[in-house]
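The values are calculated or read from the model by the stated rules, or taken from the named source; none is laboratory data. Keep in mind that this is a model prediction, so the values were computed, not measured. Keep in mind that these areas ignore ligands, DNA and RNA; they rest on the heavy atoms of the full protein, side chains included. Shrake-Rupley method; radii C 1.70, N 1.55, O 1.52, S 1.80 Å.
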Amino acid sequence: MKWQLADAKNRLSEVINKALSEGPQKITRRNDTVIILSQGDYEKLIEQQPGFKDFLLNQTPDLKGLDLKRDKGIMRDIDL
């Protein structure tokens with residue numbers, strides 16, 4: 001559900017209850033938007049993506065077809 005900031009402030013308990021029972025709640029203030037979500041939803045969200053270190057150590061990217069040869073052509077001239 002989408003809430004305006006003033007309504008969300010006045011009905012904070014309802015916003016929290018809906019975040020717990022129905023899912024993420026959007027609160028807008030002018031052109032800014034924030035999302036209120038339960039801790040369970042937040043943990044599901046952050047668990048989906050491994051950290052960069054874990055990605056490099058545990059998942060082997062598919063490099064088939066990737067040309068890693070260095071170009072041995074003449075370098076271009078640059079005016080400094």
Carbon and sulfur %, accessible surface of the chain computed with the full protein complex present, 1.4 Å: 52 percent
Backbone HN-Hα couplings from phi across the stretch 23-36 [Karplus 6.51/-1.76/1.60, Hz, Gly and Pro as x]: x, x, 10, 9, 10, 10, 9, 6, 9, 9, 9, 10, 10, 9
Under-5 Å amide H pairs with TRP3, H placed in peptide plane, nonlocal only: LYS26, ILE27, THR28
Degrees separating the helix 12-21 axis from the principal Cα axis of the chain, which is the longest one: 60 degrees
The chain - accessible surface per residue (Å², probe 1.4 Å): 99 Å²
Convex hull volume of the chain per residue (C-alpha atoms, cubic angstrom): 245 Å³
Qualifying lysines (Cα of each under 24 Å from Cα of LYS72; at least 8 residues distant if same chain): LYS64
Beta bridges per DSSP with both ends in the chain, % antiparallel, nearest 5: 60 percent
Value of relative contact order over the chain, rounded to a whole percent, pairs C-alpha under 8 Å and six or more apart: 20 percent
